[in-house]
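Report on the following structure.
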Amino acid sequence: MLVLVAPGQGAQTPGYLTPWLDLPGAEEKLRRWSALIDLDLVHYGTEADEDQIRDTAVAQPLLVASALLSARQLFPGDGEITAAVGAVAGHSVGELAAAALAGVLSDDEALRLVRTRGLAMAEAAAVTKTGMAALLGGERDTSVAHLERLGLTPANVNGKTQIVAAGTMEQLAALAEDKPEGVRRVVPLKVAGAFHTHHMAPAVDALAAATKELAPRDPALPYVSNRDGQTVTTGADALARLVGQVANPVRWDLCMETFQDLGATALVELCPGGTLAGLAKRDLPGVTTLALKTPDELDAARTLVAEQSTAAG
């Protein structure tokens with residue numbers, strides 16, 4: 001069974017969309033989306049520097065656009081994703097791409113919603129200087145308890161030994177000096193705020209207002225939620241979770257447990273892939289992983305999809 005996943009903020013690198021523009025229809029699609037959300041995705045994906053694409057208002061639409069662009073290249077025909085994929089999920093902002101792939105939202109709706117999300121979260125992040133840092137090593141429960149003592153939020157629980165802390169810069173500085181038992185390193189992340197914490201509460205209201213005109217559809221295939229790793233069955237529930245997740249922790253560890261329970265045998269991470277495939281390689285032994293970084297990986301991904309489809313009968 002194949003799982004299709006979309007990465008979250010921090011996965012973007014300067015120029016990463018450049019090779020994708022050589023594919024038929026790719027640049028045209030990006031330019032149409034750019035006009036739709038009033039953001040030059042082609043420029044930011046090919047020419048902008050690291051600081052420019054770190055901007056939350058830019059990074060989030062860029063990541064959703066690249067995930068959808070690569071998915072539509074891998075599965076160009078109507079209904080191909082539903083026929084070949086056993087489950088979809090996305091990490092943080094990647095969950096909006098997953099919602100489109102599951103049919104809860106159209107691609108255009110997902111892009112418009114993520115544009116609102118990025119702007120609202122950037123505005124919320126500007127109120128107080130906050131950030132995020134990854135804890136490498138250690139044990140999950142021990143680390144979570146330590147973070148809470150320091151007033152930090154375990155904003156991303158990404159696996160058995162990988163947690164992302166979020167809070168004020170002062171709190172993060174204290175963490176660097178006082179690491180949880182077993183944690184080897186505390187690595188600051190290239191993000192502009194304490195996402196998935198109470199600092200993002202104003203963005204929840206903005207996102208809720210933006211969803212009032214939407215009519216979400218029920219997922220056409222299993223859609224695994226960041227909030228608790230549960231499979232969501234209705235469009236209304238999926239949309240409500242997309243709104244609430246900006247101020248609540250991402251439980252990617254529980255998503256991976258659900259992939260395992262569903263019988264996952266392969267996982268493909270959409271562009272710009274790498275992070276989630278790496279987590280799966282460590283925490284889902286026996287599951288074949290593939291990260292779509294450039295179009296060069298598309299042939300291997302198509303082969304993997306075909307093999308999984310054959311094995312599923």
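The values are calculated or read from the model by the stated rules, or taken from the named source; none is laboratory data. Quick caveat, the model's predicted, so the values are computed rather than measured. Glycine also receives a Cβ, built like all others from the backbone with ideal geometry; neighbour counts cover every protein chain displayed. Ligands, DNA and RNA are excluded from the accessible area calculation, which covers all protein heavy atoms including side chains. Shrake-Rupley method; radii C 1.70, N 1.55, O 1.52, S 1.80 Å.
With θ taken as phi - 60° and the Karplus curve 6.51 cos²θ - 1.76 cosθ + 1.60 applied, the whole-hertz 3J(HN,Hα) list for segment 303-312 is 5, 5, 4, 5, 5, 5, 5, 5, 5, 6 Hz, x standing for glycine and proline. Return the subset of Lys160/Lys281; Lys179/Lys293; Lys190/Lys212; Lys129/Lys281; Lys29/Lys212 for which the Cα-Cα distance in this structure is over 24 Å, preserving the input order. From the list (Lys160/Lys281; Lys179/Lys293; Lys190/Lys212; Lys129/Lys281; Lys29/Lys212), the Cα-Cα distance tops 24 Å for Lys179/Lys293; Lys190/Lys212; Lys129/Lys281; Lys29/Lys212. Between beta-carbons, use under 10 Å as the cut-off and find the net charge around Pro19, counting Lys and Arg +1, Asp and Glu -1. Here the charged neighbours net out to -1.
Positive contributions from Lys and Arg (+1) and negative ones from Asp and Glu (-1), summed over other residues with Cβ under 14 Å from the Cβ of Thr294, come out at -4. Ranked by the mean number of other Cβ atoms within 10 Å per residue, highest first, peptides 254-261, 271-278, 182-189 order as 271-278, 254-261, 182-189.
The packing ranking of peptides 239-248, 165-174, highest mean first, is 239-248, 165-174, where packing means the average number of other beta carbon atoms within 10 angstrom of each residue. Here's how it looks for Ala291: its modeled amide H is under 5 Å from those of Glu269, which are all 5 or more places away or on a different chain.
Keeping the other protein chains in place, figure out the carbon and sulfur percent of the accessible area of segment 114-216, with a 1.4 Å probe. Within segment 114-216, the accessible surface is 53 percent carbon and sulfur. Couplings for segment 159-175, taken from phi via the Karplus curve 6.51 cos²θ - 1.76 cosθ + 1.60 with θ = phi - 60°, read x, 5, 9, 9, 10, 10, 8, 9, x, 6, 5, 5, 5, 5, 5, 5, 5 Hz in order; Gly and Pro are left as x.
Rolling a 1.4 Å probe across the protein heavy atoms gives the chain an accessible surface of 40 Å² per residue. Scanning residues 5 or more positions from Val250 or on other chains, those with amide H under 5 Å from its amide H are Asn156, Val157, with H placed 1.01 Å from N in the peptide plane.
Considering only alpha-carbon pairs that sit under 8 angstrom and 6 or more positions apart, the relative contact order computed for the chain is 23 percent.
Residue-wise HN-Hα couplings along segment 7-22, as the Karplus relation 6.51 cos²θ - 1.76 cosθ + 1.60 with θ = phi - 60° gives them from phi, are x, x, 4, x, 6, 6, 9, x, x, 5, 8, 3, x, 5, 5, 6 Hz; Gly and Pro carry x. In terms of packing, defined here as the mean over residues of other Cβ atoms within 10 angstrom, the peptides 59-70, 290-301 line up highest first as 59-70, 290-301.
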